[in-house]
Amino acid sequence: MLSIRSALLLWIALALAMPSGLAAQVKASSQPDLVPDTQVIVQRGGGNGNGAGNNGNGNSGNGNSGGNNGNSGGNNSNSGGNNNTGGSNAAGNGNSNAAGNNPNPSSNPSSTRQPRSYMGQVTVSAGGLVISGSVRIQSNSPWLSLAVPGMWLEATGVWEDDVFVATDVKLHSPVPWAFYQGPGSLIGASQYQFVSAWLTNSRNDPFLALRAASEQSQVRVVAYFDGNKFRALPSSFPVPPGLKPGWYELMGTVGSQGVVWSSSKAFP
C-alpha cells in the first residue's frame, strides 16, 4: 500500500507541475529575437529602385517618364529636350540659337548654310578669338572686335561645324559703354602708357574692361552720341559739330589742350 500511495502522490505531483512548464515554454517562444544594432538605410522615392529611382522607370529618377534621359521630360527627350524645336534658351550661353535649332549642325549637313540667329553672353575675347559659352564666333563685323566678356552678343549667320560664322553682329551691354584706345593718362589709367579700354559711366567702376596696349600714334574712340554728349567718355573729350544721335568712330591726336579730333564717322 505504501508503494502504491507513494506512486500515486508522485504522479499527482508531476501532473501539477506540467502546466507551469508548458506556460514557461509558450512565454519564451513569444519573445522577439534580439539582433545586433545595424545602420538602417531607408530608400525613398528618389532612390535607385524601380518605382522612382535614379536608374528606375519611375517619375523622379532617370526612368522613362521623367528621367534625365527619358522620352517625355529628359534633356535629350523628344518633346522637351535641349536639342528640339523650341527647347533652347534664346539668351543662354549654350550652343543653341534663338529658334531652338540643333547646336551641332554637322550632324545635319543640309541645314548648315541656312541663316540662323544666335544670342549668347561673351565669355572669352582675346587676340581676335571670341567665344560665347562653348561656341566660337567668327565675323568680319567691326562690332565683334569690340566684344568683351560680360556683353551679350546677338548675331545672324550660318554654322560651319562648331563655329558660328556671323554676317551681322550686335552687342548688348548691361551698362552704357564706349571704347577708347590711346594714352592711359587721359582716362585715369596712368599706370599704363597706352591702353585699350571699355569705359562706363560709373565712377566706382569706370572700366568694363582695361588692357595694356602697344604704342598708339592716334587716339581712337567708338562711342554713342545721344545728341548732347558721348556716353561713357570723359567730359573733357570734345564733341565735333553737326553730329546726330548714333554710334561714331573718332580718330585724333593728343595736343597741349587735350584730344583734337581729325576725323569722325558713323560706326561701323
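The values are calculated or read from the model by the stated rules, or taken from the named source; none is laboratory data. Computed from a predicted model, the values in this text were never measured in an experiment. In this analysis, Cβ positions are derived from the backbone assuming ideal geometry, glycine residues included, and neighbour counts consider all displayed protein chains. We work out accessible area using only protein heavy atoms, side chains counted, and drop any ligands, DNA or RNA first. Shrake-Rupley method; radii C 1.70, N 1.55, O 1.52, S 1.80 Å.
Scanning segment 248-268 for residues that are under 40 Å from the mean Cα position of the chain (by Cα) and open to solvent by less than 70 Å² (accessible area, probe 1.4 Å) turns up Tyr248, Glu249, Leu250, Met251, Ser264, Ala266, Phe267. When you look at Val221, is it assigned by the TED database to the domain that holds Ser134 and assigned to a strand (DSSP E or B), yes or no? Answer is no for this residue. Scanning segment 223-238 for any residue that is touching a strand residue (DSSP E or B) at 6+ places or on another chain (Cβ under 8 Å) and under 22 Å from Asn140 (Cα atoms) turns up at least one such residue. Open to solvent by less than 70 Å² (accessible area, probe 1.4 Å) and assigned to a loop (DSSP other than H, G, I, E, B): does that describe Ser141? It is true that Ser141 is open to solvent by less than 70 Å² (accessible area, probe 1.4 Å) and assigned to a loop (DSSP other than H, G, I, E, B).
Sort out which residues of segment 184-241 are of a type in the set (A, V, I, L, M) and closer than 16 Å to Val254 by Cβ, and write them in order of number. Selection gives Leu186, Ile187, Ala189, Val195, Ala197, Ala213, Val219, Val221, Leu233.
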